[in-house]
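Take a look at the structure below.
We did not get these values from a lab; they are worked out from the coordinates using the rules stated. These numbers come from a predicted model, not from an experiment. Note that each Cβ is placed from the backbone with ideal geometry, even for glycine, and that neighbours are counted across all protein chains shown.
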Amino acid sequence: MEKRIHLCILLFALLFTFQFFGQTQKISGIVTDENNVPLPGVNVQIKNTSKGTFTDFNGEYSIEVSSGDILIFTSIGFQAQEVPADGSTSNIVLRDDASSLDEVIVTAFGRKLTRNESTASVSTVSSEDLTKEHFTDFTQSLQGRVTGMTVNATSGTPGAPPTINIRGINSVTASNAPLFVIDGVPVNDSNLSEGNQSGTNSSMNIMSLINTNDIESISVLKDASAVAPYGADGANGVILITTKSGVGGDARYNFNYTIGFRNDAIKGPKMANSLQKLEALEEATWNSFGPDYGNGEITSRDQIYNKLKQQSEFLQGWEDRGRPYTNWLDEVRIKNAVMHDLNFSVTQGNEKSNFYASVGYNHTDGTVVSASYKKLTGSLKFNTNLSDNLNLDISVNVANVRQNGLLENSGWFSNPNYGKYMLSPWANIRDDEGNLRYIDFRKIAGGRHNVVFTALQNEHFSDVTRGIQNSKLEYNINDNLTFRSILGLDFTLRRFKNHNGPVHGDGEDPHGLTGESNLTLFNYSTQNSLDYKFKLGEKHNFLATGLYEYTKYKNLNLYGEGTNFPNENITNLSGATSSFFAESTYSDQMKMRWVGLLNYNYDKKYLVDLTYSYQGDSRFSEKWDSFYSAGLGWNLQEENFLKNVESINTLRLRLGYGITGNAGIGRNLYQALMTYNIYNNGPAGVVSGYGTNAKWEKSQRLDIAASFELFDYRLTGSIGAYINLTSDMLFNVPLPYSAELLNSRVLQNLGEMRNTGIELELAGDLIRTPDFNWNLSANFSTFSNKVTSLPSNAEIIETTRTVQEGRKIWEWYMPEWAGVDPDNGLPLWYVDRANGDNSTTSDYSKVKRQHLGKNLFPTYQGSISTRIDYKKLFVEGTLNFSGGNRLYENTTMVLYARGTDAGRINSFNTSEDVIKNSWREPGDIAKYPRFDWNDNRVANAVSQRSTKYLHDGTYARLRDIAIGYNLNEISFIKNLGIRDFNLAVRGTNLWTWIKDKDLDWDPESAMADPDGFTTLKTPPVKSISINLNINF
Amino acid sequence: MKSTMIKYFGILIGFGFLFSCTTDPKIEDADPAEIHTIDNLRQFQDGAYQIMSRYQYWGRNQIVAGEVRADNVYANGRTQRFVSWSKMDINPTNGDTGSLFNYINATAANPNIIINTDLSALEGSYEKEDATHILGEAYIIRALANFDLLRNFGQQYLSNGEGLGVLYVTKFKDEDLDINNAPRGSVEENKAQLYSDIEDGIQHLKSSQDSQYATDKERITLDAAYAFLSRVAIYFKDYDKILSISNEVESLINKYPVTPSTDYVEYWKIQSPGPASIFEIHLDNTVSNEDNSINNIYRGQSYADLQAYDNLLQDVGFDTSDIRASKAMIDTINMFEEPGRWRNMGKYPSMLSDIGSDNIKMFRVEEVILNYAEALLEGENNTSKATTYLNMIPSNRNASLYSQATLDNILKERRKEFLFEGFRFYDLVRTGKTIRDIDSSTPNNHGVVSPGDDRLAMPYPQQEFDANRGTKQNPGY
């Protein structure tokens, strides 16, 4: 093997030797990185010619040059270097790109500029960072890596999407999701949950169909200068994904394998065991009735048990079955769920063409019974010079994911994440033979389902295939003028199937129910642009771009349903014999934009960025509008007064202003719509929408920032502040029911909102020696939000939160809890403290809701990372934190049953916390009211919303911790021809600190919930993984 | 080679410019909420029936509202459904109350569009009588929706009330009405509007008796309009109103046979209107309310929240031979943990994959008969005639006859006949009876509710209250 490779190199080298034989002189050398490690595949090019070569495996190169030629050395991840071709030997040290603000950044429409040429606020995340944590999609790996960007997992089910907000939430009604662009082409980020029964099944992230390992880097565009080119799609920020390209030179292989073990990130609420439940039942009965309960037969609490047995089938049954105890939390949970991730890639190239190809496989088991995820991906990117000035770039990415999900979030009885809290510990999960119990399960579990049985019996899967193909042709008309044409195709087919088996659960009554939906998403985008790069005099540098882009989206969903299946083995629709239902929906959307971009710098000292975008969108009745931005930058280090200050490498000031828009609403809402239902086998029209002339929201953005690099790039950082003013906000203004509309809302442009924030970044090499490096970096951002204008009729007043002028968006609004009355164990609320009434009452109807000054969104967040390299060993870690927000525990009904409604504690369960911390006797300062069957004031307190269930969302999480070792030097490995051999053990989310000790739920998923409510979804996960990465 | 390249290049460029020329996104701005043809007209009116058939209104909640707050059934709390209704401890934020209010109002939207459309200008050729008939249906359904709104949310029988009724909307998207600041009308105003709409409806239906729709029992007919008028009048104890149409009422009673006891169980099972039915809302298994159906709340595996009081049979006072107390109609079935609890078995009987596919029987001749008997008795003291009409019911139920009609035995017969159909609460309220607590050991019981109690009216829903500043809440909420 090794010999063959060497032979290849020899032949390759000879080829080059002969090819250029007879030309002028020859220059050779070795290219290394800063640590003196040879770099293979570095492109060595003679400036202003197409002549070039690549370094070999040992970093050596050799090229024929004429005197006066300049050699350019380029390699991904390193700064380019230009060197005059003097003498016969030239050894080059390439400097790491990441340590410099001179790095090339990808900006709107894939334009590449160096940081000191651009005024845009762009954060870049490298492929190395993205592949650290092994989530099923790259979006989750962005958490904590981009200043001002919030990423929260909605569910721990593999494949479920996170909620992403860049610089806070900018809209109430329209989308808050950023625009995704892959290799310059906007891609579909539709919700794959469409048509899968109103989101009660696991959701599936369309970005999960992109293999994280195929991503070279991600740029996050945040400020006006960066996002204004995207006009009405830019208000929520833009995420630009650059996929990996081929690298010149001989074939280079990468093999990457990870095995991981996943568990719930935090323990979560603990439920009562079977004896605790009995105790609670006895206590509740005694408290409610006392001796009356037995019509005089009982005189003390310990006699109540026998009486209870006569009254409660559940208790009698439990007794008869030998007092079993089922710990549903354990039964539903899959401990140490296994994850495998396997990737193999190869790249090769010569001076004309290169390619990158990869295959990937991922299998991730869910942490909840029956959930799993499987992904297969393949990609090819091919680049070739068709002629000296014509370059063709073709890429194909295809992926298939099968997500075996579950019912999530809703209180549906077959949702395992609901059942694990709700189900009685007295209800045995298995029958006497040890099989999962189902025949009489409902009888012993208050009508609920055996969720383990139903999870295994029922199907809730999404099978998604996505193919993305891009063609890019670039024509260098002359040195200054480049024409580029791109066609991007993005096709997704999602098959969703929900089958409730006839044996047990939701499928029992209809004798089996199947619903299947095929969702087809197709969009294409075409871009034609002209870059004109020119100089006026020596110092005025211009780059002007004119661009036209057209994008079309087509969504088609076909859904069919049927019931009454002949037996439990037949699950496809053709087996259904009644209740047939079919529907299809189609929608399309077109977007067009004309964009002008001008980037100017004066001697790299003063920078100006101007953008203009004229955009049309079929979603609105008024379809066209324009958006623009202007940015100014000043590279102070280029000024004479700083040029000689050695400690300052870079000091730059940036200022940007612009207007973007948000068009993220449903399609065709501008029309008044009729829905046709069926009455008596004929069509029956129902008005389903008022129609609206609403148009996109506008966002004015002002950005100011300073960035610096000091002490030979050892200390780098930036500080910035922004203001976003959103106006013409879209509101689904509630109509009174008397407006006679079933969905009593209408979309209108009203109101203004202000988001402000400060963003800090700091990174330093604390120790930098050849053998020992210690790097520490941190980012921190603040978010502040205020609705500055909103007419009172558009105010949104929900049961627990409001959107009102002068307040935060979605500010919490509910009665204030005043504790449990120590005298009698009744719940207490403050009557109306805002208006000076500090009295308390147990009568909920007398209580006024209060504005609480907090919402679900954190007011600050940050991340601290460190990495220590000692010779071949590294240790690294990242801690993320956020806080200042409040989250609402909406899941109280499943935890705090007080036995007050008949059958509640009798048939279901309650939390251990309730058993331990309920009021027992006068004088108790208790967390929960007393147990009582009869008193409505206690009974209703569970569902009466108040600050009792509103928790501080402040938390910190050890996002990442890892230790790794590079085994390159081991001779055995070397002899195998392996260039790079790394082994790492990594922990993700291993430790979590939650400020509010009463919050038993994971704050991350509550923050990801649009309402800020805790949910009955799969909790976010932690994992430990072992990673093997081999380059050869 | 070169030519291929140029071709490819050309294709890409062409592609881009092709779209720039042709695709300014254009979609026609037609207002679909307008009536242009007779088909539109039929579809719009059927839209109102369709909304009525949903579980939020007549498909379930309206029926539950008339039962669970009275002395026939209670919510056992299995799925927490209707617990607060059963306790009569309803919050303005209660979801079922809000959706009931919403669906009742939405039912009136299409009738309002129809009533405010110039039907003489419809496109194409059509039978004028059909258009007139549909217009008549629209008036009746608008009245029916507002009547249900009033009897659930109005203050007509409250002692602390101010005589407030409901906002009686007469035009969809009415520019002259500030919907965000529109006060409730008074009960008296509402009553006048109801009678006026019913009168208009009757006139249009009368003049379109040749229409193909005149005999369609799954839509409003002239007979249904009279039946509805008798229901409204009985609710307001306007006995004279009923007596004033005694000819029409009597001929209606002659036209529709009371279901004989031998057919009674079957009458509830058949999936189309039986002989005794005047108007039914159509449901079948493709449009059923499924889990949310009235069937499922009475006895379905997944909900079964509404169960009869243990001593219901004794309390109602059924004869043992009464077909309405037979096992086919009401039985103790072994549901989950509660063996031997009484449940409605006979009304809305479909189960399993057909659950919720039974028509909702809106007006039966038996109701018109009992309304008429009550009017004869209370309005003109014609006891003998009242007794004759009253006895038409037990004589067809294998039950003993009444020697003489009294208000009490008419109410007793109404309770037997309309058990589980959503009449009981309104009968008790309108006659000023105390709602008794017939078994205080049952959970979620409302206890004793005296005449005039605040709880006899449901609270105005929070959204109505928040979005319409002209609205005033009912007392006690």
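Quick look at the numbers
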| quantity | calculated |
| --- | --- |
| Percent of alpha-carbon pairs separated by more than 44 Å within the protein assembly as shown | 52 |
| Charge-dipole axis of the protein assembly as shown as Lys and Arg at +1 and Asp and Glu at -1 on Cβ define it, positive-most pick from A:T878, A:T200, B:N116 | A:T878 |
| In Hz, Karplus ³J(HN,Hα) per residue of segment A:82-95 (6.51, -1.76, 1.60; θ = phi - 60°; x = Gly, Pro) | 10, 9, x, 7, 10, x, 10, 10, 9, 8, 10, 10, 8, 8 |
| Net charge dipole size for segment A:522-669 [Lys, Arg +1 and Asp, Glu -1 on Cβ; Debye, nearest 20] | 480 |
| Qualifying GluC sites (Glu not before Pro) in segment B:140-217, DSSP loop, other Cβ atoms within 10 Å at most 10 | B:E175 |
| Charge-dipole axis of segment A:991-1032 as Lys and Arg at +1 and Asp and Glu at -1 on Cβ define it, positive-most pick from A:T1014, A:S1025, A:I994 | A:S1025 |
| Radius 10 Å from Cβ of A:T726, net charge of other residues (Lys, Arg +1; Asp, Glu -1) | 0 |
| By average C-beta atoms within 10 angstrom, highest first, the peptides A:942-951, B:225-234 | B:225-234, A:942-951 |
| Per-residue [θ]222 nm for the protein assembly as shown (sum of -39500 (n - 2.57) over DSSP H runs n ≥ 4, rounded to 500) | -6000 deg cm²/dmol |
| q = 0.10, 0.11, 0.14 Å⁻¹: log10 I(q)/I(0) that the Debye formula gives for chain B, counting C-alpha atoms only | -0.74, -0.90, -1.49 |
| Low-density loop cleavage sites - chymotrypsin sites (Phe, Trp or Tyr not before Pro) in segment B:125-207, where at most 16 other Cβ are within 10 Å (DSSP) | B:Y126 |
| Inter-probe distance in nm under a simple model that places probes 7 Å from Cα toward Cβ, at A:T769 and B:S400 | 11.0 |
| Cβ-based charge dipole, the protein assembly as shown, positive-most Cα from A:N478, A:T756, A:Y949 | A:N478 |
| Distant-in-sequence amide H partners of A:T157 (H built 1.01 Å from N, under 5 Å) | A:T1018 |
| Segments A:966-974, B:463-471, A:426-434 sorted - mean Cβ within 10 Å per residue, highest first | B:463-471, A:426-434, A:966-974 |
| 5 angstrom amide H check on A:K808, placed H, neighbours 5+ away | A:V787 |
| Pairs beyond 29 Å (Cα-Cα), from A:K335/A:K854; A:K552/A:K605; B:K217/B:K347; A:K270/A:K948 | A:K335/A:K854; A:K552/A:K605 |
| For peptides B:279-292, A:472-485, sequence by mean Cβ density within 10 Å, most packed first | B:279-292, A:472-485 |
| Distant-in-sequence amide H partners of A:R745 (H built 1.01 Å from N, under 5 Å) | A:L735 |
| Degrees between helix A:274-289 axis and first principal axis of chain A (Cα, 0 to 90, nearest 10) | 50 |
| Under 19 Å from the Cα of A:K277 - aspartates and glutamates, other chains or at least 8 residues apart | A:D302, A:E313, A:E319, A:D320, A:D330, A:E331, A:D901, A:E912, A:D913, A:D932, B:E337 |
| Percentage relative contact order, segment A:152-243, counting C-alpha pairs under 8 Å, at least six apart | 34 |
| Filtered trypsin sites (Lys or Arg not before Pro), segment A:237-335: DSSP coil and at most 10 other beta carbons within 10 Å | A:K335 |
| Test item: A:437-449 mean partner chain Cβ contacts at 10 Å | 3 |
| Proximal lysines to B:K472, defined as alpha-carbon separation beneath 24 angstrom and excluding residues fewer than eight positions away on the same chain | A:K846, A:K848, B:K87, B:K171, B:K173, B:K191 |
| Relative frequency of Cα-Cα separations exceeding 24 Å in segment A:90-229, percent | 35 |
| Rounded to 10°, Cα long-axis angle of helix B:187-206 versus longest principal axis of chain B | 80 |
| Dipole in debye (nearest 20) - the protein assembly as shown, about Cα centre, beta carbon charges: Lys, Arg +1; Asp, Glu -1 | 2780 |
| Karplus 3J(HN,Hα) series, Hz, for segment A:153-161 with 6.51 cos²θ - 1.76 cosθ + 1.60 (x for Gly, Pro) | 6, 7, 7, x, 5, x, x, 6, x |
| Local net charge near B:A386, Cβ-Cβ under 10 Å (Lys/Arg +1, Asp/Glu -1) | -2 |
| Cβ-defined net charge surrounding B:T107, 9 Å radius [Lys, Arg +1; Asp, Glu -1] | -1 |
| Averaged over B:98-108, number of beta-carbon atoms from partner chains that fall within 10 Å | 4 |
| Over chain A, relative contact order from alpha-carbon pairs under 8 Å, at least 6 apart, % | 11 |
